[in-house]
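Asker: Questions regarding the structure given below will be posed in turn.
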Amino acid sequence: MRMVSPRTPHVTIALIALSIIASLPSLLDPNSVLAPLLINQPGAAAFSSVARGEVWRLITPIFIHFGLLHIFFNMLWMWDLGRGLELLKGPVFLGLFVAATGIAANVAQYAVTGNPYFGGMSGVVYALLGYVWMQGRFNPAFGLALHPSTVTMMLVWFVLCWTGLLGPIANWAHTAGLALGVAFGFLTRRAGRPR
């Protein structure tokens, strides 16, 4: 992926820093997690924590990671895709994109499974992948493009996660993120085309 600007990607850096801080409890002790960051209080009625006004829970699961490999790969993709998009479209665009796709991915995961114990930036990463993939493929003026082997590798990983061979994965978050990213990237693909 080629970069278009030497500016500092402040939003990307902040997202990575927040993820590291929020993940420290579970990285230091696999049985520990910051419960106020889960989408709902465990054992409570579905979405009751949000209904009581704890609306931050809709977004905060994207910052929780379980294990070093989980956070390492998510932050690697966030640095690559998030930074590229922030430098191209600006910090406000990236911030809104992460918030919208992160909330949608979290809600999808929880609504389908009913289990509040999930986390990670993967839903957002798949949304970024889908968006950049569609823009790079259908909008030559966009400024970012993914190599086909990168897309293939990520889609193979997506399918592999669904097999269950890799353990518990927030597959509905991945699916919602990818679907939203592809849809948004495809529907806005004409924006910025030369006339």
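Asker: Quick one: helix 122-138 against the long Cα principal axis of the chain, what's the angle to the nearest 10°, folded into 0 to 90?
Answerer: 10
Asker: Could I ask something else about it? Count neighbours as other Cβ atoms within 10 Å of each site's Cβ, and list the trypsin sites (Lys or Arg not before Pro) in segment 1-94 that are DSSP loop with at most 16 such neighbours.
Answerer: Loop-located and lightly packed - ARG2, ARG7, ARG52.
Asker: Can you give the extra length, in nm with one decimal, that the chain gains between THR8 and ASN115 once fully stretched, where that is 0.36 nm per residue apart less the Cα-Cα distance?
Answerer: Length gained between THR8 and ASN115: 34.8 nm.
Asker: While we're here: How much of the calculated P(r) for segment 138-187 lies past 13 Å, in percent of all Cα pairs?
Answerer: Value for segment 138-187: 67 percent of Cα pairs lie more than 13 Å apart.
Asker: Moving on to the next point. Just to confirm the number: angle between the C-alpha axis of helix 10-28 and the first principal axis of the chain, 0 to 90 degrees, nearest 10?
Answerer: The helix 10-28 is inclined about 30 degrees to the chain.
Asker: On alpha carbon coordinates alone, what is the Rg over Rh value for the chain, Rh being the Kirkwood radius?
Answerer: Over the Cα atoms of the chain, Rg/Rh equals 0.97.
Asker: Please compute the contact order of segment 1-67 in relative form: average sequence separation of alpha-carbon pairs under 8 Å and at least six residues apart, divided by the residue count, as a percent.
Answerer: 35
Computed from the coordinates by the stated procedures, all read-outs in this text should not be read as laboratory data. None of the values given here were measured: they were computed from a predicted structure. FYI the Cβ positions are ideal-geometry reconstructions off the backbone, even for glycines, and counts take in every protein chain you see.
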